[in-house]
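One structure is given here, and the rest of the page talks about it.
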Amino acid sequence: MHINIAEKELIDKVLDREEKKRFSLKEIDLGETLREILFSANEFVPSESGAVFLDDPLLKRTTSERGRLYFMACFGEGSEKLAGTFLPSDVGIIGETYRSGSPYLSRDVSKDRSFYPGVDKQTSYQSRSIIAVPVKINDSVIGVIEMINRKDKINFDEKDLAILDIFARYTSTLITNALDALRFEELSKKDNLTGLYNDRYFYERLSVEVKYAIENSKPLSMIFFDLDRFKEVNDIYGHLAGSRVLKEVAQLVENILIGGGAVPVRYGGDEYVIVSPATTLDKAAEYAKKICDVVAGSTFIKEKSIAGAPPLNIKGLITCSIGVTTFVPPIDQQISHREIEEGLIKAADSAMYESKRNGKNRVTCTSLYLKKH
């Protein structure tokens, strides 16, 4: 039995994964898991055809568009045409099962008003009998398992439906485990205080982005900054207030960079670094200037803390000194990727200290010069 699996990009999408085009610490092979599920389901409920559908989590969170149920794994005649395609979530027996969250048995689809014949037309296949069960996570329906045309019988029965329902619950557990693993992976990359990426992730990501920049002849920019007079915040208001300021600065940076493909990192202490792929020096300087202006113009700790500490409304004290540099391929092949990575960090860091020497609360841009040995 050959099982067709959707492309990995689609599997990543329905798992709601981010930043996976060029980088991942660990891959979750959901495709292989779904293949095993279908194979096992077919052993217990032998069928001519079958499929696992999962919904689109982005469309599910909006109300402006119809939902989609993607063929994530499927087997049977003509199924090679279906893997990765989708049905609207309000169409056919699949849609009915998805919307109701209840198992569905259709002994004779020719007499079933819910049956949608479009897939049969696409595959030149004839469905006679169908069972479908919802796949749920925490009582929320995320997909459907469907089996078509029972082998060795005229049609499916209640026993077949009950067995398939068991497999649906098993599938739910496996998908939940995959999501939990991804959440754990994501947490391992994050700074506990600010929620930005941490320095360990930064070095791994920088290595990948340098390689990508060289292979695709794209510029790669780095923005390095720390907070001016941050020590005064700790001295005057205490370290808890300082921690809140660090978190609020991180939020400001994320709001400025949202959707731009840049990767903000808490480098350590009150230092931050931003890796910005496919970004010219001029564009990176624009980002940096906006960060500089927004931080200087912000009022920090405007709300009382969770513990009930009063607002501090710190304004005019916190500014930042920023350094910006950009690597532009091509580069002499005798210079290693590691040297480029170290050169970017050193150049951006040096530019940041130049901003401090020149009065703070400013942006300094520098070119990246690398010499072969």
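Residue-wise test of (1) hydroxyl-bearing (Ser, Thr, Tyr); (2) more than 15 Å from the chain's Cα centre (by Cα); (3) part of a loop (DSSP other than H, G, I, E, B); (4) at pLDDT below 55.
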| site | (1), (2), (3), (4) |
| --- | --- |
| 33 | yes, yes, no, no |
| 37 | no, yes, no, no |
| 40 | yes, yes, no, no |
| 48 | no, yes, no, no |
| 54 | no, yes, no, no |
| 62 | yes, yes, yes, yes |
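It is to be established whether one or more residues within the range 288-298 are assigned by TED's automatic domain parsing to the domain that holds residue 226 and over 19 Å from residue 249 (Cβ atoms). Can you show your working first?
Looking only at the range 288-298, we keep the residues that are assigned by TED's automatic domain parsing to the domain that holds residue 226, and these are 288-298.
Then keep just the ones that are over 19 Å from residue 249 (Cβ atoms); that gives none.
Scanning the range 288-298 turns up no residue that is assigned by TED's automatic domain parsing to the domain that holds residue 226 and over 19 Å from residue 249 (Cβ atoms).
Return yes when residue 315 is farther than 16 Å from residue 348 by Cβ, surrounded by fewer than 16 Cβ atoms within 10 Å (Cβ to Cβ) and in contact with a Pro (Cβ under 6 Å, 6 or more places away or on another chain) and no when it is not.
Details: farther than 16 Å from residue 348 by Cβ: yes; surrounded by fewer than 16 Cβ atoms within 10 Å (Cβ to Cβ): yes; in contact with a Pro (Cβ under 6 Å, 6 or more places away or on another chain): no.
Here the answer is no, as residue 315 does not meet what is asked.
Looking at (1) in contact with a Phe, Trp or Tyr (Cβ under 8 Å, 6 or more places away or on another chain); (2) surrounded by fewer than 17 Cβ atoms within 10 Å (Cβ to Cβ); (3) closer than 26 Å to residue 218 by Cα; (4) not aliphatic (A, V, I, L, M), which is the only condition residue 329 fails?
The number of the failed condition is (1).
Which residues, taken from the range 69-101, are touching an Asp or Glu at 6+ places or on another chain (Cβ under 9 Å) and among the hydroxyl-bearing types (Ser, Thr, Tyr)?
Residues satisfying the conditions are 70, 89, 97, 98.
Kindly provide the set of residues from the range 73-93 that are buried (at least 20 other Cβ atoms within 10 Å of the Cβ), in contact (Cβ under 8 Å) with a residue 60 or more places away in the chain and outside any loop (DSSP other than H, G, I, E, B), ordered by number.
Matches in the range 73-93: 73, 74, 75, 79.
Run down 136, 159, 153 and say which single residue is part of a strand (DSSP E or B) and surrounded by fewer than 18 Cβ atoms within 10 Å (Cβ to Cβ). Step through it out loud before you land on a result.
Details: 159 fails: part of a strand (DSSP E or B); 153 fails: part of a strand (DSSP E or B).
Criteria check complete, one pass: 136.
For the range 311-325, give me each residue that is in a loop (DSSP other than H, G, I, E, B) and among the polar types (S, T, N, Q).
313
Of all residues in the range 37-52, which are touching a helix residue (DSSP H, G or I) at 6+ places or on another chain (Cβ under 9 Å) and surrounded by fewer than 18 Cβ atoms within 10 Å (Cβ to Cβ)?
40, 44
For the range 203-234, enumerate the residues that are under 20 Å from residue 368 (Cβ atoms) and polar (S, T, N, Q).
Across the range 203-234, the qualifying residues are 207, 216, 217, 221.
Within the range 140-152, is even one residue in contact (Cβ under 8 Å) with a residue 24 or more places away in the chain, in the same structural domain as residue 51 (by TED's automatic domain parsing) and over 22 Å from residue 34 (Cβ atoms)?
Filtering the range 140-152 for residues in contact (Cβ under 8 Å) with a residue 24 or more places away in the chain gives 141-152.
Cutting the leftovers down to in the same structural domain as residue 51 (by TED's automatic domain parsing) gives us 141-152.
Now narrow it down to the ones that are over 22 Å from residue 34 (Cβ atoms): 152.
For the range 140-152, residues in contact (Cβ under 8 Å) with a residue 24 or more places away in the chain, in the same structural domain as residue 51 (by TED's automatic domain parsing) and over 22 Å from residue 34 (Cβ atoms): present.
Taking the criterion of being at pLDDT 90 or above, out of contact with any His (no Cβ under 7 Å at 6 or more places or on another chain), assigned to a helix (DSSP H, G or I) and surrounded by fewer than 20 Cβ atoms within 10 Å (Cβ to Cβ), would at least one residue in the range 167-188 satisfy it? Outline the logic, then answer.
Quick first cut of the range 167-188, residues at pLDDT 90 or above only: none.
Within the range 167-188, not a single residue is at pLDDT 90 or above, out of contact with any His (no Cβ under 7 Å at 6 or more places or on another chain), assigned to a helix (DSSP H, G or I) and surrounded by fewer than 20 Cβ atoms within 10 Å (Cβ to Cβ).
The values are calculated or read from the model by the stated rules, or taken from the named source; none is laboratory data. Because the structure is a prediction, the values reported are computed rather than measured. FYI the Cβ positions are ideal-geometry reconstructions off the backbone, even for glycines, and counts take in every protein chain you see.
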